[in-house]
Amino acid sequence: MKSQKARSVEEKYTQWKSLVPVLYDWLANHNLVWPSLSCRWGPQLEQATYKNRQRLYLSEQASDRFYGRNLIWIPIDYRFEAGYGTDGSVPNTLVIANCEVVKPRVAAAEHIAQFNEEARSPFVKKYKTIIHPGEVNRIRELPQDSKIIATHTDSPDVLIWDVEAQPNRHAVLGASDSCPDLILTGHQENAEFALAMCPTEPFVLSGGKDKLVVLWSIHDHISTLAKEQGPTKSAGSTSTSTKHASKGVNGPSIEARGIYQGHEDTVEDVHFCPSSSQEFCSVGDDSCLILWDSRAGSTPAIKVWWRKQNIELSSMSILVIRMSPCL
């Protein structure tokens with residue numbers, strides 16, 4: 001039975017490969033050394049006649065949880081597929097790469113069809129490596145500043161990175177973790193996946209296992225630095241440096257601007273309203289969708305329980321939420 005299933009998968013893959021020139025205007029295959037649990041497109045860096053240069057963020061996972069081949073596929077519609085696996089002998093890394101994306105109706109069909117699954121694409125060039133304290137579960141970029149990104153790992157904190165200011169590191173055995181440019185504190189338990197950046201203000205939103213939705217403003221860090229570096233700094237003022245809650249990483253930190261309670265289980269995803277920095281939503285393992293308005297306090301503005309045929313789906317987790325622009 002297993003062999004039949006394996007043959008079926010292989011046949012489907014062979015059929016898909018033969019149809020690549022028909023399905024895609026362009027496709028590049030880049031074989032990574034270690035598995036990647038997350039990836040994210042960054043800003044467009046350069047626009048040319050036949051191709052664009054685009055920033056790409058991805059992680060390399062150094063955990064013995066998985067082991068196997070890992071590939072990144074880049075068809076023209078900018079979707080990704082990633083596999084898992086590593087032997088745990090190298091540190092976790094956040095990779096910043098520059099990717100040359102060929103424009104539609106430019107690449108020849110013969111060229112698209114002749115890709116090698118074991119090769120590294122010349123279209124993907126590594127720009128910088130950050131040694132990340134723990135696996136990278138989520139990557140989000142700040143719309144107001146393309147060089148600032150946030151990451152989630154298996155800890156209560158959100159890590160902020162300035163990818164241009166961070167030094168390039170080599171992922172060798174025993175290498176120390178890179179120091180984040182800012183640590184956002186406020187969660188009481190691990191916050192691993194729910195992470196969002198506001199499109200209109202430098203706000204960061206997170207959810208975690210503590211059932212909380214937490215809001216920060218990166219401007220609070222800038223304001224704190226200005227006060228500390230000013231001529232009127234008091235002799236007993238405290239430093240903004242702290243330790244990463246679970247990994248022992250040092251770095252400047254800021255506390256939350258708002259903490260919102262309403263979920264009864266782990267918060268799995270959060271998202272800002274595209275037109276308002278004060279309105280956002282969250283979903284979680286409690287089968288609940290909550291709409292929040294920070295102007296109205298820390299309690300839900302609207303709370304919706306998902307039901308099917310008048311039966312509450314108490315065992316259903318809602319993992320992803322997105323808000324569309326106002327019509």
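The values are calculated or read from the model by the stated rules, or taken from the named source; none is laboratory data. It should be emphasised that the depicted structure is a prediction, and the values quoted were computed from it without experimental measurement. Because the Cβ atoms are built from the backbone with ideal geometry, glycine has one as well, and the counts that use them run over all protein chains shown.
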Selection within the range 256-284 - crowded, with 19+ Cβ neighbours inside 10 Å and charged (D, E, K, R): GLU268, ASP269
Residues LEU159, LEU142: which one is surrounded by 21 or more Cβ atoms within 10 Å (Cβ to Cβ) and touching a residue at least 40 places away in the same chain (Cβ under 8 Å)? LEU159
Looking at (1) in contact with a Lys or Arg (Cβ under 6 Å, 6 or more places away or on another chain); (2) at pLDDT below 75, which one does THR266 not meet, given that it meets all the others? (2)
So LEU56, is it surrounded by 19 or more Cβ atoms within 10 Å (Cβ to Cβ), farther than 17 Å from PRO122 by Cβ and either in contact with a Cys (Cβ under 7 Å, 6 or more places away or on another chain) or at pLDDT 90 or above (or both): no
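Listed here are the residues, each with its yes/no results for (1) acidic (Asp, Glu); (2) at pLDDT 70 or above.
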position: MET197; (1), (2): no, yes
position: GLU201; (1), (2): yes, yes
position: LEU215; (1), (2): no, yes
position: ALA226; (1), (2): no, no
position: TYR260; (1), (2): no, yes
position: PHE272; (1), (2): no, yes
Please list, ordered by first then second residue, the pairs with beta carbon atoms under 7 Å, 6 or more apart or interchain, first in the range 248-274 and among the basic types (Lys, Arg), second not in a loop (DSSP other than H, G, I, E, B). ARG257/LEU215; ARG257/TRP216; ARG257/SER217; ARG257/ASP220
Please go through (1) charged (D, E, K, R); (2) over 17 Å from ALA97 (Cα atoms); (3) in contact with a strand residue (DSSP E or B) (Cβ under 8 Å, 6 or more places away or on another chain) for ASP154 and return the number of the only condition it doesn't satisfy. (3)
So for the range 131-139 (the condition being of a type in the set (Lys, Arg) and either in contact with a helix residue (DSSP H, G or I) (Cβ under 9 Å, 6 or more places away or on another chain) or buried (at least 21 other Cβ atoms within 10 Å of the Cβ) (or both)), does at least one residue qualify? yes
Give the range 162-210 a look and list any residue that's part of a strand (DSSP E or B) and surrounded by fewer than 18 Cβ atoms within 10 Å (Cβ to Cβ), or say none. ASP162
Answer residue from the range 292-324, given it is part of a loop (DSSP other than H, G, I, E, B) and modelled with pLDDT of 90 or more and is surrounded by the most Cβ atoms within 10 Å (Cβ to Cβ) among those: PRO300
